[in-house]
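The values are calculated or read from the model by the stated rules, or taken from the named source; none is laboratory data. Values in this document were obtained by computation on a predicted structure and should not be read as measured data. Positions of Cβ are backbone-derived with ideal geometry, glycine not excepted, and every protein chain shown enters the neighbour counts.
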Amino acid sequence: MKPLFSTNVFSSGRPFSAQVATVCQAIVCAVALYCGSVAQEPNTKPAIDPSGTWRWEYEFESQTIKDQLRLELSPGNSSANERTVEGKYESSTGRKRDIRNGKVVGNTLTFDMTIDYKGMDVQLAFTGSIKNDTLTGTVKATSNEGGLDLPWNATRSVQNDDVVGTWKLRIDTNGQLLEPVVTISKEGDTLKARYKSGGTTELAFDAQKVKIDKNELCFSIEADFQGTKIKADFMGRPYGDKIQGNIDYVLGSDVGEVEFTGKRQQETAK
């Protein structure tokens, strides 16, 4: 695959609007996807949590380019309607950037980053309005030659790469707190998971049927412990490093459903 900026779009003599339009369409999305300007929402609304992976794709030089943005709320936020945001931008071309000045006010997400193209700095300022798993907005591109606005449309989704890691779960069963640990890995296009029950008598099993289905992480565990049949089907929606969902379980003759939450553990530096 050719580099994203393989064409000489910043050659001397070309007007800024033509130069930056080509680059920004490759970074953002085709104008045909434009859905209108960002709706202005009152900033007094509680800040929406944008955590998760946002994806968009577009055609450029007869290739399909896939971009993604992984977002998390910054720790220590206190304001109800304004939260700071951290994140990383990645492209299928290999381009990676940390975002700057990430913030969500009400349902409006803003951040910026800089692209260095053949010695020219292009500043990209992203603004998007979030509704459920859809983000619609604009990108303002500026350099020392001027500026240009282009549309930006992204969708939050869950794929295999988004769930790899070690997750510590919390399950409240009639006042008894269980904190199992699930470690998820990926081999090729297949997910695998190892489940450890925690507690004084730790049980460990390989999970079965590990997959992403309709943006939810699903897996099952099944075992016999001291003559008691244990079976549990987990199904939860990850949002970045957080997950929440339900468990359908069979524990001996007891059958039921219980909620669970969880958080992905940070990797320890080696």
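Consider segment 101-143 and keep the residues that are in contact with a Phe, Trp or Tyr (Cβ under 9 Å, 6 or more places away or on another chain) and not in a strand (DSSP E or B). The one that is surrounded by the most Cβ atoms within 10 Å (Cβ to Cβ) is Asp133.
Answer yes if at least one residue in segment 84-96 is closer than 16 Å to Ala154 by Cα and acidic (Asp, Glu), and no otherwise. So that I can check it myself, show each step before the final result.
Of segment 84-96, the ones closer than 16 Å to Ala154 by Cα are 87-92.
Among the residues that remain, those that are also acidic (Asp, Glu) are: 90.
Looking through segment 84-96, at least one residue is closer than 16 Å to Ala154 by Cα and acidic (Asp, Glu).
Looking at segment 52-60, can you tell me whether even one residue there is exposed (fewer than 13 other Cβ atoms within 10 Å of the Cβ), at pLDDT below 95 and either over 21 Å from Thr136 (Cβ atoms) or hydrophobic (A, V, I, L, M, F, W, C) (or both)? Scanning segment 52-60, I find no residue that is exposed (fewer than 13 other Cβ atoms within 10 Å of the Cβ), at pLDDT below 95 and either over 21 Å from Thr136 (Cβ atoms) or hydrophobic (A, V, I, L, M, F, W, C) (or both), so the answer is no.
Evaluate segment 187-198: report whether one residue or more is touching a helix residue (DSSP H, G or I) at 6+ places or on another chain (Cβ under 9 Å), among the polar types (S, T, N, Q) and part of a strand (DSSP E or B).
First, pick out the residues of segment 187-198 that are touching a helix residue (DSSP H, G or I) at 6+ places or on another chain (Cβ under 9 Å): 189-191.
Applying the additional criterion that residues be among the polar types (S, T, N, Q) yields 190.
From what's left, part of a strand (DSSP E or B): 190.
Yes.
Residue-level check: of (1) of a type in the set (Val, Ile, Thr); (2) modelled with pLDDT of 90 or more; (3) within 20 Å of Gln244 (Cβ to Cβ), Thr190 misses just (3).
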